[in-house]
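Since the structure comes first, as structure tokens, the remarks are kept for the end.
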Amino acid sequence: MIDSDIIWHQATVTRERRSQQNGHRSAVLWFTGLSGAGKSTLAHSVEEKLYQLGCRTIVLDGDNVRHGLCGDLAFTDNDRKENLRRIGEVSKLFIDAGVLTLTAFISPF
């Protein structure tokens, strides 16, 4: 539940304006599969190609985010759901920033 004192501030620099400046739209490419399936390898390979084309990119890798943002989570069902919820929220921020966001996560739910 959001406190009634918390007000959304509407920015003047919008996703659309960032897309125009970048020369491309933002999107999320979500790579999923079993452990060791090559999700991270594929995501980084795609990122490299997009970067060479002049795109603004970021890879959110499951192992990497568990070193920081999700470092407090274990591997219970609830923690796995929270891990993905956080990544979804971070992805939304990158989308608003005009970035092509590639995620590489085991997504069991």
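The values are calculated or read from the model by the stated rules, or taken from the named source; none is laboratory data. All figures in this text were calculated on a predicted structure; none of them were measured in a lab. Methodologically, a virtual Cβ is constructed for each residue, glycine included, from the backbone with ideal geometry; neighbour enumeration extends over all protein chains shown.
Only a single item in (1) closer than 14 Å to Phe94 by Cα; (2) free of Cβ contacts under 8 Å to residues at least 24 places away in the same chain is not met by Gly36, and it is number (1). Residues in region 1-34 that are in contact with a helix residue (DSSP H, G or I) (Cβ under 9 Å, 6 or more places away or on another chain) and of a type in the set (Ser, Thr, Tyr): 3 in all.
Regarding region 30-38, can at least one residue be identified that is farther than 21 Å from Leu100 by Cα, among the hydrophobic types (A, V, I, L, M, F, W, C) and exposed (fewer than 12 other Cβ atoms within 10 Å of the Cβ)? Yes: one or more hits.
Would you check if Thr12 is in a helix (DSSP H, G or I) and of a type in the set (Ser, Thr, Tyr)? Spelling it out, it is not the case that Thr12 is in a helix (DSSP H, G or I) and of a type in the set (Ser, Thr, Tyr). Those helices (runs of 4 or more DSSP H) of region 30-109 in which 2 or more residues are within 15 Å of the chain's Cα centre (by Cα) and farther than 27 Å from His9 by Cα occupy 39-52, 62-65.
Restricting the first member to region 55-75 and to residues that are without any contact (Cβ under 8 Å) to a residue 12 or more places away in the chain, and the second to residues that are among the hydroxyl-bearing types (Ser, Thr, Tyr), the beta-carbon pairs closer than 9 Å and six or more apart or on different chains are Asn64/Ser40. Within the set Arg56, Arg66, Arg18, the sole residue that is of a type in the set (Lys, Arg), within 15 Å of Leu100 (Cα to Cα) and modelled with pLDDT under 95 turns out to be Arg18.
Answer yes or no: is there a residue in region 77-87 that is over 19 Å from Gly36 (Cα atoms), among the charged types (D, E, K, R) and in contact (Cβ under 8 Å) with a residue 24 or more places away in the chain. Scanning region 77-87, I find at least one residue that is over 19 Å from Gly36 (Cα atoms), among the charged types (D, E, K, R) and in contact (Cβ under 8 Å) with a residue 24 or more places away in the chain, so the answer is yes.
Within region 62-77, is even one residue surrounded by 14 or more Cβ atoms within 10 Å (Cβ to Cβ) and in contact with a strand residue (DSSP E or B) (Cβ under 6 Å, 6 or more places away or on another chain)? Yes: one or more hits.
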